[in-house]
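The values are calculated or read from the model by the stated rules, or taken from the named source; none is laboratory data. On a predicted model such as this, the values are computed, not experimentally measured, just so you know. Glycine gets a Cβ as well: all are built from the backbone with ideal geometry, and neighbour counts include every protein chain shown. Remember, those area values only see protein heavy atoms, side chains included, never the ligands or the DNA or RNA. Shrake-Rupley method; radii C 1.70, N 1.55, O 1.52, S 1.80 Å.
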Amino acid sequence: MTEQEQKLVSIIQKMTLEEKIAQLVQLAAPFFEGATNEGQITGPMAAMKVNEDVVRNSGSVLGASGAREVINIQRAHLKKNRLGIPLLFMADVIHGYKTIFPVPLAIGCSWDLELAEKSAEIAAKEASVSGVHVTFAPMVDLVRDPRWGRVVESTGEDPYLNSQFARAFVRGFQGTDLQNDHDRVAACVKHFAAYGAPEGGRDYNTVNMSERQLRESYLPAYKAAIDEGCEMVMTAFTTVDGIPATGNKWLMRDLLRGEWGFDGVLISDWGAVKEMIPHGVAADEREAAYKAIQAGVDIEMMSPCYIHHLKQLVEDGSVDETLIDEAVFRILRLKQKLGLFENPYRGADEKREQEVVLCEEHRRVARELATKSCVLLKNEGVLPLKRDKKIALIGPFAQNGDILGPWSCLGSKDEAIQLYDGLKMKVDPSYLFVAKGCDIETGTGEQWNEALHAAREADVIVLALGEHSDMSGEAGCRADIRLPEIQLELIAKLKQLNKPMVAVLFNGRPLDLHGVVDQVDAVLEAWYPGTEGGAAIADLLFGDANPSGKLTMSFPYSVGQIPVYYNCFNTGRPKDAPDAQERYLSQYLDIPNEPLFPFGFGLSYTTFSYSDAALSSDYMTPEQPIYVSVNVTNTGKVAGEEVVQLYVRDVTGDVVRPVKELKGFQKILLQPGETKKVTFTLTEEQLRYYHSDLQFTSDAGTFVAYVGPNSRDVIALTFKLVK
Ligand code: GLC
């Protein structure tokens with residue numbers, strides 16, 4: 001045990017059992033703002049039946065709005081806390097603190113790991129100077145069902161890509177020296193595990209899958225975050241093999257701590273300990289507390305099971321006090337790692353907060369990332385826009401600051417650059433006619449008349465359409481994933497004018513784009529692009545930036561296809577088999593099998609050709625990797641970035657294997673006419689998978705490597721693994 005750790009042990013030895021248990025409690029900031037009058041418990045404390053002692057001894061705070069509040073709460077707390085143990089301040093800094101970056105599903109579409117890391121570094125700096133110590137990010141849940149509202153917080157449907165982004169976000173948030181670098185915060189990877197697979201895409205619903213699928217597809221990104229040094233893990237609301245994650249001993253003690261060696265802090269999600277009662281695995285708060293501490297949950301977020309029952313459980317011998325000591329030790333060690341015992345206020349600094357938060361450099365990075373996160377889905381000769389053409393900007397997002405998306409922390413819609421603001425930076429206002437046309441879900445005759453008037457004045461119509469930001473995010477699930485009816489009607493009516501139309505979409509999930517993509521000449525998927533969204537989209541619409549985003553989650557042809565994802569299995573009756581029959585195939589009678597837009601898809605204002613794809617050898621061995629190369633040429637007239645993707649298929653496995661798996665990507669910039677040779681290294685390790693006996697190994701045999709601009713339009717190269 002190090003000297004530092006010895007110090008913690010000596011603190012724990014001085015703590016009473018009540019003080020130790022209180023360290024395991026996380027309460028929201030209002031609990032600490034003098035919530036009690038003399039002798040009287042009011043507000044949230046009364047609701048949760050916790051008293052002043054609990055608050056004075058609690059270990060951490062959820063949420064806080066700024067350096068002044070954090071300093072005040074910490075100062076008051078240290079006066080009351082007998083041993084002077086500082087509070088940990090935690091917050092949901094998911095894609096920015098005050099400068100808001102595109103939502104993670106958009107950042108994923110940038111395929112730009114460096115910029116993703118930079119966005120997390122900036123978010124950490126703004127958060128830390130405002131008093132935050134820990135962020136509840138990255139969220140790395142793999143997602144395949146756009147009905148689920150929280151797909152917006154994920155980087156998509158691929159385990160490898162999610163793992164790369166998980167690492168980048170952890171690096172950005174934490175840096176390499178949390179103790180001394182007070183511009184960084186500790187990260188908390190969530191939601192452990194497989195929260196992204198609820199049945200029916202309905203939040204908090206049952207998750208049901210084999211351990212093998214869990215390990216193969218859903219666990220890699222959490223593991224990547226932990227291997228990158230992530231300090232904290234948050235448990236999921238949902239079940240893993242019939243046991244809520246928050247009380248799942250196999251998941252947390254055996255797998256997370258035992259097999260993976262994670263020794264950081266485990267926090268429950270909001271109220272998830274107590275939710276074991278409605279889940280039906282705990283009869284009461286006492287049993288919920290018992291199961292959570294046995295499973296290894298260190299901090300109970302916003303429910304009172306630990307504080308109401310752990311003391312009794314220890315005193316009656318049901319829970320060994322060493323479990324409490326372990327949890328307290330991990331929490332105090334995180335405080336020590338953050339330097340809080342030396343400086344309980346850490347980075348909190350009101351003066352610096354004014355200089356750093358929402359500064360021009362941060363806005364610049366947010367704008368750059370937003371331009372790289374948008375995906376051009378269709379463009380039939382209408383983009384980029386010309387500055388001498390009159391533009392009608394029509395739709396509920398024409399002048400709307402609701403473009404930050406869910407979990408936008410302290411970001412303000414009033415500080416967002418709206419699309420109208422962005423277009424005004426590009427063209428003379430006399431060339432710009434703006435009208436709402438309708439609201440998100442309702443519309444009036446007057447709104448339509450205004451839109452018609454604007455459209456009649458213009459040469460080209462830019463539609464700004466989408467979902468309220470609360471139509472995705474937590475509990476924001478939709479069974480119908482089309483644009484709201486009123487917006488589809490607006491498109492259809494404007495279509496009658498026979499003018500070029502561009503649809504810019506602001507949404508938190510892949511949508512069923514029928515009624516949109518078939519009606520307009522161009523579609524730019526902007527997601528929720530963040531504080532600089534309108535400026536970034538204007539850059540793209542006028543060609544001052546060239547779209548380079550690629551989808552990281554499939555857009556289904558219809559909600560009836562869900563789940564539809566690129567790394568699926570072939571089945572015994574594949575529709576595209578050479579000897580396919582007419583009827584008895586894995587297909588629908590009424591729609592295609594393929595998604596409307598596949599994983600990895602995105603257009604540019606230029607075009608790229610792929611040629612001379614080659615393997616360095618037609619076989620590899622565990623010692624001898626092979627190299628996959630391809631020439632990529634910019635065959636258009638403007639410079640552009642291309643995400644060159646490498647997929648692999650294991651043709652025959654011990655278990656069925658996906659028809660493709662992403663194994664590498666490179667985002668390259670090509671000038672008009674320029675050709676670059678892109679080379680990937682492929683190793684035997686990258687061919688390993690979980691066998692039926694859960695052994696993670698590779699098999700000798702035949703494989704196919706695919707290179708191309710997305711998961712559909714690829715060049716195939718066959719090779720063997722020889723062992
Ligand atoms: C919420 C979310 C979780 C978030 C936490 C704290 O319920 O599930 O992602 O970090 O509570 O706000």
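Key figures
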| item | result |
| --- | --- |
| Options Gly437, Ile486, Gly473, ranked by Cα towards positive dipole end of the range 363-541, top entry (Cβ charges) | Gly437 |
| Calculated FRET value between Ala577 and Asp439, using beta carbons and R₀ = 41 Å, to 0.05 | 0.30 |
| Amide H contacts of Thr697 (H built 1.01 Å from N, under 5 Å, at least 5 apart or other chain) | Tyr689, His691 |
| Protection-proxy order for peptides 540-552, 130-142, each taking the mean of Cβ atoms within 10 Å per residue, highest first | 130-142, 540-552 |
| Accessible area per residue in Å² at 1.4 Å probe, computed on the range 174-222 | 34 |
| For the range 375-459: rounded, prolate or oblate by the Cα gyration tensor [a/c cutoff 1.5] | oblate |
| Inter-probe distance in nm under a simple model that places probes 7 Å from Cα toward Cβ, at Asp53 and Thr322 | 2.7 |
| Accessible area in square angstrom per residue, the range 600-723, 1.4 angstrom probe | 44 |
| Nearest 10 degrees, 0 to 90: helix 360-373 Cα axis against the chain principal axis | 50 |
| Debye, to nearest 20: dipole size of the chain, +1 on Lys, Arg Cβ, -1 on Asp, Glu Cβ | 720 |
| Prolate/oblate/rounded label for the range 45-88 (Cα gyration tensor, a/c 1.5) | oblate |
| Lysines with Cα under 25 Å of Lys667, excluding same-chain neighbours fewer than 8 positions away | Lys118, Lys223, Lys372, Lys378, Lys550, Lys637, Lys676, Lys677 |
| Sites Ser611 and Asn449, calculated FRET efficiency, Cβ-Cβ separation with R0 60 Å, nearest 0.05 | 0.65 |
| Two-decimal Rg/Rh across the range 537-579, once Rg and the Kirkwood Rh are taken from alpha-carbon atoms | 1.23 |
| Cα pair distances exceeding 36 angstrom across the chain, given as percent | 45 |
| Normalised per residue, the volume of the convex hull around the Cα set of the range 216-333 (Å³) | 98 |
| Protection proxy ranking of 598-607, 66-75 - average other beta-carbon atoms within 10 Å, highest first | 598-607, 66-75 |
| Percent accessible area from carbon and sulfur atoms, the chain, protein chains only, probe 1.4 Å | 48 |
| Residue-averaged [θ]222 nm for the chain, counting only DSSP H segments that reach four residues, each worth -39500 (n - 2.57) | -8000 deg cm²/dmol |
| Reciprocal of mean inverse Cα separation for the range 363-541 (Kirkwood radius, Å) | 16.0 |
| Viscosity 1.002 mPa s, temperature 20 °C, Stokes-Einstein D of the range 285-394 from Kirkwood C-alpha radius, µm²/s | 107 |
| Between 0 and 90°, nearest 10: helix 3-14 axis offset from the chain longest Cα axis | 50 |
| Amide H contacts of Ala613 (H built 1.01 Å from N, under 5 Å, at least 5 apart or other chain) | Asn631 |
| Contact order normalised by residue count of the chain, Cα under 8 Å, 6+ apart, percent | 13 |
| Cα-based reach from Lys335 at 21 Å (exclusive), listing lysines while leaving out same-chain residues under 8 positions away | Lys7, Lys14, Lys20, Lys79, Lys80, Lys125, Lys190 |
| Three-way shape label, the range 277-349, alpha-carbon gyration tensor, a/c 1.5 | prolate |
| Spatial separation of Cα centroids for the range 128-158 and the range 509-538, in angstrom | 21 |
| Amide H within-cut-off set for Phe608, under 5 Å, with H built and near neighbours excluded | Thr635 |
| Heavy-atom surface of the range 1-159, accessible at 1.4 Å and reported per residue (Å²) | 31 |
| For the range 30-169: span of alpha carbons on each principal axis (Å, largest first) | 55, 31, 24 |
| Pairwise centroid distance, computed over Cα atoms, of the range 455-484 with the range 562-635, Å | 30 |
| Derived scalar couplings ³J(HN,Hα) [the range 491-506; Karplus, 6.51 cos²θ - 1.76 cosθ + 1.60; whole Hz; x for Gly, Pro] | 4, 4, 5, 5, 4, 4, 7, 6, 10, x, 10, 10, 9, 9, 10, 10 |
